[in-house]
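Accompanying notes for the structure given below.
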Amino acid sequence: MTGERECLHKGEDEERGASPQVGLVLLFGIVAISAVLLITVGMGLIGSIESESQVEQTRTSMDVMDHGFSTVINTKQQQEVPVEDAQFEPDGTVYVAWVNNRSTAFDNNPNATIDPLGRVESKIDGQTIAYQGGGIWEQTADGTTVYSAPDIHYDQSLTMNVVQVDASDINGDNGIAEINDSKSDDLAAEIENSSKQSNGTDLALEIKSEYHEGWKQHFESALKGDVDIDHDPDEKRVRVYIEDARSDATFQVTDVEADRVVPRNGELEVNASVLNVGDAYGTGNLTLAVNPETKTEIELEPGETTTESLTLPVNAISEQEDNLSQYKPYTYNVSTSDDYAQGRFFLSYPNTSYYKLNNSDIDINQDPQNQTISLEAGFLNIGETDEPRNVSIDLQGDQQVRNDQGDLVDISWESVSSVEQQPWNDSTIATTINRSALPDGEYELTVAIDNPTGICANNNQTCEVTRNFTIDGGGIGDPGEVIVSEPANVSTSIIGTEISAEGDFNRITSPFTDNADAGLLVNDGSKADGSVVRQESGNFGFSLVPSEPESTNDEPKTSSSGGWVAADGTTPEADGEVVRNCYGRHCERNFEGEWNWDVNKLVWSEDGGYVLDWHQDGDWSWDGDGSAEVAEFDQYKQWAPVTASAMVNGSEVQLTPAGENNTLPVDEIDEQSMADHNLNTFGTQDQVWNYEQENVTGTVSISSTYWSCNEWDYAGVDKSDATGTDSNYYNRECTDFGTPITTAEGGGYEAESETGFVMTRDADHNNLPEIEEGYPRQRNVTEVFKAGTDGVTLDEENNLTLGPRDFAFMMEVTMDQDGLQDTYGHNYNGEYDLYTDNQSELFRAAWDIAENYRDEALYTNDPNYNDVIGFVQVDGGGTYVDLEDDPFDDVHVNGELRETNIRGGGTIETDPESGTVSVNAGSITIR
């Protein structure tokens with residue numbers, strides 16, 4: 001037995017048997033005794049009614065007597081009543097019995113008898129007026145009538161208030177009425193005994209009286225329903241038989257208290273209360289039944305209640321201990337012959353706890369938008385105790401990781417928590433898994449509870465449940481487009497731009513009028529990290545451009561792409577005068593002057609400054625990192641303007657040299673904003689322009705645009721031997737931007753004449769052909785990747801070292817479809833169509849030409865796919881995440897956050913051969 005009990009209090013809506021109830025009120029035992037004459041009172045009473053007739057006076061006296069008797073009954077106090085000219089007669093009997101057989105209803109059955117009933121009567125002029133049994137009767141030669149009816153009625157319920165009167169020597173006018181306690185008690189006991197001795201429900205009533213006719217009249221009018229009245233004038237008797245005048249003993253089961261948890265082979269103990277709601281005394285059995293049953297005998301008076309304890313072994317429903325199907329709720333019945341109540345107990349695994357997992361209550365839901373996987377597992381303690389147990393959540397993946405020793409092992413995490421729950425109460429364990437910490441693949445999620453080992457061996461499904469789920473990164477994209485169908489962090493970068501023109505500085509002079517012939521080149525350092533100072537030991541000098549002013553309002557040439565300024569902020573001014581010179585008859589006026597600039601220290605400003613023409617010998621020297629030399633220009637390099645943007649879910653983000661980004665549309669870029677977004681400038685070809693966004697689902701692509709230029713400006717000098725000899729390059733950048741020329745973008749658009757080209761590489765399609773650069777100083781596409789920019793390199797076989805969700809974009813924007821057709825249309829016999837409006841087909845044709853046909857064309861450097869090189873990295877989780885991190889964001893047991901012990905870890909080994917990404921030319925599938 002356990003201390004846990006279950007109580008059942010029955011109400012009107014609970015299961016039970018029904019029993020009719022018939023009310024019965026019986027009042028016996030008013031006895032008038034010891035009449036005492038009180039003359040004063042009597043004379044006063046008689047005097048008050050002397051004006052009435054003698055019959056009316058007697059009736060009035062009887063009414064007063066009746067009222068006095070009622071007062072005595074209600075107050076239990078003595079009462080004076082008029083008795084003038086009255087006499088007492090010990091007349092009449094009452095017989096009452098409870099029977100079940102009409103034929104023997106009046107034959108010596110257990111009964112209550114009033115003998116005599118007694119009467120007080122007055123005789124006036126041949127007429128008798130009498131008080132008997134609670135009524136007043138009048139008798140004449142014509143018979144008996146009812147003057148005031150006694151309190152005996154029946155209409156589905158029985159009311160029977162009978163007054164017995166006894167008296168001795170009535171003399172005088174008044175008497176004293178009081179209750180005779182001993183006779184009342186004896187009469188009550190007699191009625192109770194007769195009721196107990198019979199279980200009959202029919203009432204047999206017999207009255208013998210001189211006023212039998214009056215009693216018959218009263219019964220005929222006051223008793224309704226199934227009533228038989230038998231009048232025998234000769235015997236001066238009236239008999240009444242009423243069927244079902246009272247209900248039998250009816251045992252109602254009220255409160256039930258029972259064990260809630262009963263161990264296998266234990267005992268069920270029930271305490272039940274039973275109430276007799278019938279009108280009769282009775283005996284019966286109180287039975288507790290499950291299978292088999294037990295019973296006990298009960299004996300109750302009407303309205304009496306008893307509480308009995310019953311104990312029943314449950315061996316009959318117990319089976320082998322490891323048969324878990326037996327551990328469930330069972331219904332017991334507590335019943336009498338009239339009523340029953342049902343309750344429930346739980347047959348439980350004995351002596352300990354057993355947390356049974358419910359296979360149908362394991363739910364796994366993926367929420368890709370929020371990068372979570374939620375788990376909720378339900379289990380039920382079918383054991384006898386609440387002993388705590390450990391519950392584990394184990395996550396296994398189909399990919400491998402390297403442990404701390406460098407060995408390849410399977411992905412595995414385990415979270416362990418403790419659970420404690422009362423017997424036969426449900427519990428839940430819930431956790432949220434960080435989906436972004438997991439790479440694509442197949443996973444098993446197992447919930448296990450350390451129940452008793454022997455039982456789990458034969459009932460493993462109740463101790464351990466496994467669910468499978470898949471993390472799948474995406475689907476097929478259009479050319480130059482990545483489809484991210486599962487939320488991921490996306491990094492979009494431009495890792496190289498190589499759009500430029502190069503040539504002989506001396507041979508091409510027209511663009512460089514009024515420009516310097518030599519620049520100051522800083523070796524092993526930067527012009528921005530030092531200064532040029534005037535000192536006696538200087539080794540070079542400079543002049544402004546132009547070397548002389550043309551008027552007093554003239555200003556030296558400046559460059560917005562960077563130039564020299566005075567450290568103290570002074571500026572050069574034109575100093576001179578206009579001189580008249582004559583040559584024969586021809587005279588002209590010319591300004592003769594020079595630049596006056598009081599400066600001793602020059603610094604380089606990236607925001608713009610003066611263009612200086614440097615020369616050897618002078619009183620200026622370099623003060624900063626590295627060494628400086630005068631470089632006379634023999635080559636030029638012209639940096640064409642280009643912009644690039646990342647398209648993420650239809651939102652375009654322009655990349656900027658400052659490393660920031662905004663959502664400025666291409667068609668809104670003006671001269672000023674173009675300067676902020678131009679990625680192809682002198683000295684920046686090795687820089688990376690990057691844009692990152694978290695929780696991306698949808699499409700990702702890169703677009704690049706080549707722009708015309710209206711005006712160029714000096715940007716600096718550098719040195720290269722790309723032409724075979726050491727050359728000093730005069731670098732120029734665009735300062736007045738024109739209009740877009742060619743745009744290369746993916747996304748499955750219709751190819752047009754101005755369409756540029758995009759090719760995409762991934763882990764499965766990662767080979768790069770040798771595509772020659774357009775000019776000697778340019779880097780070709782393989783050189784960009786060999787430099788290891790942004791961690792993307794080439795192996796010895798020209799294969800890109802891309803991870804499972806890495807994508808390289810190579811864009812050609814200095815040749816469009818018209819140019820491709822004009823240049824290669826006459827000699828291209830590859831498998832693709834150059835004249836198609838299908839973008840995917842056109843991209844493949846351009847790539848095929850770059851790989852196999854470009855050397856066959858004259859006077860062209862395109863397509864070379866080094867104009868703009870992009871890199872997209874889709875981080876779905878484990879590929880770039882240290883798996884030592886706990887992927888379980890939280891673990892809740894019954895809604896309470898629990899501390900957990902996490903085991904697992906490692907780092908994903910990126911293996912391109914088993915990667916999760918496949919690519920066709922220009923299209924990407926994240927599987």
* Asked: What does a probe at ASN468 reach in the stretch 802-818, counting residues whose amide N is under 14 Å from the point 7 Å along Cα→Cβ?
  -> none
* To do: With a 1.4 Å probe and every protein chain left in place, work out the accessible area per residue of the stretch 93-205 in Å², rounded to a whole number.
  => 42
* Structure fact -> With all protein chains present, the stretch 713-801 has a carbon and sulfur share of its accessible area (1.4 Å probe) in percent of 37
* Starting from the Cα of LYS208, draw a straight line to each of the lysines and keep only those under 16 Å, dropping any in the same chain fewer than 8 residues away. => LYS216, LYS236
* Asked: With all protein chains present, how much of the accessible area of the stretch 251-347 (probe radius 1.4 Å) comes from carbon and sulfur, to the nearest whole percent?
  -> 37
* Would you work out the charge dipole size for the stretch 251-347 about its Cα centre, treating the Cβ of every Lys and Arg as +1 and the Cβ of every Asp and Glu as -1, and quote it to the nearest 20 debye? => 440
* Structure fact -> Looking only at lysines whose Cα falls under 26 Å of LYS786's and that sit 8 or more positions away or on another chain, we get LYS637, LYS719
* Once you list every other residue whose beta carbon is under 9 Å from the beta carbon of ARG119, what net charge do they have if Lys and Arg are +1 and Asp and Glu are -1? -> -4
* Find which of ALA222, LEU117, ALA105 sits farthest along the positive direction of the dipole of the stretch 49-242, computed with +1 on the beta-carbon of Lys and Arg, -1 on that of Asp and Glu, about the Cα centre. => ALA105
* How much FRET efficiency would the formula 1/(1 + (r/R0)^6) give for GLN78 and THR311, where r is the Cβ-Cβ distance and R0 is 51 Å, rounded to 0.05? -> 0.35
* Accessible area per residue of the stretch 584-633 at 1.4 Å probe, in Å²? -> 60
* To do: Find the accessible area per residue for the stretch 265-348; the probe is 1.4 Å, ligands and nucleic acids are left out, and the unit is Å².
  => 43
* To do: Quote the accessible area belonging to SER157 in square angstrom, nearest 10, computed with a 1.4 Å probe and with ligands, DNA and RNA left uncounted.
  => 50
* To do: Please report, to one decimal in angstroms, the Kirkwood hydrodynamic radius of the stretch 251-347 built from all distinct Cα-Cα pairs.
  => 14.0
* Listed residues VAL290, TYR327, SER273: farthest to the positive end of the dipole of the stretch 251-347 (Cβ charges) -> TYR327
* To do: In whole Å, largest first, what are the principal axis extents of the Cα atoms in the stretch 49-242?
  => 55, 39, 27
* To do: Straight distance only, please: which lysines reach the Cα of LYS601 with their own Cα at less than 17 Å, same-chain residues fewer than 8 apart left out?
  => LYS527
* Where Lys and Arg each count +1 and Asp and Glu each count -1, what net charge lies around GLY608 among other residues with Cβ under 12 Å from its Cβ? -> -3
* Leaving ligands, DNA and RNA out of it, report the carbon-plus-sulfur percent of the accessible area of the stretch 49-242 at a 1.4 Å probe. => 39
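The values are calculated or read from the model by the stated rules, or taken from the named source; none is laboratory data. Everything numeric in this text was worked out from a predicted model, so none of it was measured. No Cβ is skipped: glycine too gets one built from the backbone with ideal geometry, and neighbour counts run over all protein chains shown. To get the accessible areas, we keep the full protein, side chains included, count just its heavy atoms, and leave off ligands, DNA and RNA. Shrake-Rupley method; radii C 1.70, N 1.55, O 1.52, S 1.80 Å.
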